[in-house]
């Protein structure tokens, strides 16, 4: 078969599995069509009949894929290309040691490694040259269906970084997701929970065990999800304060948050040593928020009917907006949120005051507001 643009566009998907169509004009050049209709250009070459993925149609045009196939074959003929089959696991360990940990902050390296291991475990059974576009988009599409657009974008970015590194190291000639855009369009969320919504979420969270306590702490402190997930008993002071060390905060600055009696009661129900929110059967911080929140949402619907979509980070935005409505001054609110904008560069040098008394007064006001909401719920 001579592959042309018209021929490729009209290739029908098989009823099961995938079918490979070979091009008569260039030895080894093929297009694979999956059951779902995905069309991927590949090159079969070498004594071992190695498969090299060239790209996904129509993101990669036929002419571009054929030109790349010719280039690979030419390099092989000239003796410049000495391909060897490398497993995903071997390449990934090399990526971690020579790139991820060497050129990134420890937290970034840890997060990227976790994203790839957690979202793409099936790749561990493949060689690099066997990874297809569908292997990646299948994962991100599933996350999108679960309404986890942020997770889909993070997972896509992490695996894209790894595959680009593989190309630079000549482990593969072309990334199977080169040219693909982020699964979801990133945007700035503006969702602020109403008083009724916040009261309903917290009333259900009070009866939702470990994760429910986690949600309550997020709502009462306004801190970031990852910071509270890493919360350690030793960070809780006797004077009703939580001090987050610099290594877990986004701006890499130690952050002290005062809190009131409601949060004190919640903390009393949590482990008295080590992590306050450990993952199940693990000594690592709680993770896998999507399924946990979905279960909480199910309880919300059972009790209150349909609930408009919300995210855990909306609690932080609601906290900030709520403090402003209660008359808390902007610089005090920003200090509670641990925003760098709380002080200018000059102020950070010369103004060493930490606003702790004002922050405590603001937190007491916020807890009283929460109390009033729950008493009416």
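Is it the case that the range 30-40 has a residue that's at pLDDT 90 or above, out of contact with any strand residue (DSSP E or B) (no Cβ under 6 Å at 6 or more places or on another chain), under 30 Å from residue 113 (Cβ atoms) and not assigned by TED's automatic domain parsing to the domain that holds residue 131? Yes; the residues of the range 30-40 include at least one that is at pLDDT 90 or above, out of contact with any strand residue (DSSP E or B) (no Cβ under 6 Å at 6 or more places or on another chain), under 30 Å from residue 113 (Cβ atoms) and not assigned by TED's automatic domain parsing to the domain that holds residue 131. Checking 208, 214 one by one, the residue that is closer than 19 Å to residue 275 by Cβ and at pLDDT below 95 is 208 and no other. Only residues that are at pLDDT below 90 and crowded, with 17+ Cβ neighbours inside 10 Å were counted in the range 287-306, giving 1. For the criterion of being surrounded by fewer than 21 Cβ atoms within 10 Å (Cβ to Cβ), touching a residue at least 24 places away in the same chain (Cβ under 8 Å) and not in a helix (DSSP H, G or I), residue 144 fails. Of the residues making up the range 224-245, those that are more than 16 Å from the chain's Cα centre (by Cα), assigned to a loop (DSSP other than H, G, I, E, B) and within 18 Å of residue 211 (Cβ to Cβ) number 2. The set of residues in the range 275-302 that are within 16 Å of residue 213 (Cα to Cα) and in a loop (DSSP other than H, G, I, E, B) comprises 276, 277, 279, 280, 286, 287, 288. The single residue among 3, 43 that is under 21 Å from residue 70 (Cβ atoms) and either not assigned by TED's automatic domain parsing to the domain that holds residue 57 or not in a strand (DSSP E or B) (or both) turns out to be 3. Remark: pairs (first residue in the range 151-162, in contact (Cβ under 8 Å) with a residue 24 or more places away in the chain; second residue surrounded by fewer than 19 Cβ atoms within 10 Å (Cβ to Cβ); Cβ separation under 7 Å; 6+ apart in sequence or on different chains) = 151/290; 152/144; 152/184; 153/182; 153/184; 153/186; 156/182. Against the conditions (1) in a helix (DSSP H, G or I); (2) in contact (Cβ under 8 Å) with a residue 40 or more places away in the chain; (3) under 18 Å from residue 366 (Cβ atoms), residue 204 satisfies every one except (3).
Looking only at residues that are out of contact with any helix residue (DSSP H, G or I) (no Cβ under 7 Å at 6 or more places or on another chain) and part of a helix (DSSP H, G or I) in the range 147-160, which one is nearest to residue 99 (Cα to Cα)? Among those that are out of contact with any helix residue (DSSP H, G or I) (no Cβ under 7 Å at 6 or more places or on another chain) and part of a helix (DSSP H, G or I), it is 160. Of the residues making up the range 36-62, those that are free of Cβ contacts under 8 Å to residues at least 60 places away in the same chain and surrounded by fewer than 13 Cβ atoms within 10 Å (Cβ to Cβ) are 37, 47, 48, 49, 58. Checking each residue in the range 100-141 for being closer than 17 Å to residue 86 by Cβ and either out of contact with any helix residue (DSSP H, G or I) (no Cβ under 9 Å at 6 or more places or on another chain) or not in a helix (DSSP H, G or I) (or both) picks out 120, 126, 127, 129, 131, 132. In the set (1) at pLDDT below 90; (2) within 21 Å of residue 167 (Cα to Cα); (3) not in a helix (DSSP H, G or I), the condition left unmet by residue 73 is number (3). Among the residues that make up the range 266-273, is at least one of them in a loop (DSSP other than H, G, I, E, B), more than 20 Å from the chain's Cα centre (by Cα), within 20 Å of residue 332 (Cα to Cα) and without any contact (Cβ under 8 Å) to a residue 60 or more places away in the chain? No, because not a single residue in the range 266-273 is in a loop (DSSP other than H, G, I, E, B), more than 20 Å from the chain's Cα centre (by Cα), within 20 Å of residue 332 (Cα to Cα) and without any contact (Cβ under 8 Å) to a residue 60 or more places away in the chain. For residue 167, are the conditions met, namely being out of contact with any strand residue (DSSP E or B) (no Cβ under 8 Å at 6 or more places or on another chain), farther than 30 Å from residue 305 by Cα, without any contact (Cβ under 8 Å) to a residue 12 or more places away in the chain and not in a loop (DSSP other than H, G, I, E, B)? Criteria met by residue 167.
The values are calculated or read from the model by the stated rules, or taken from the named source; none is laboratory data. For clarity, every value in this text was computed on a predicted model and none was experimentally measured. Positions of Cβ are generated from backbone atoms using ideal geometry, with glycine treated the same way; all protein chains shown enter the neighbour counts.
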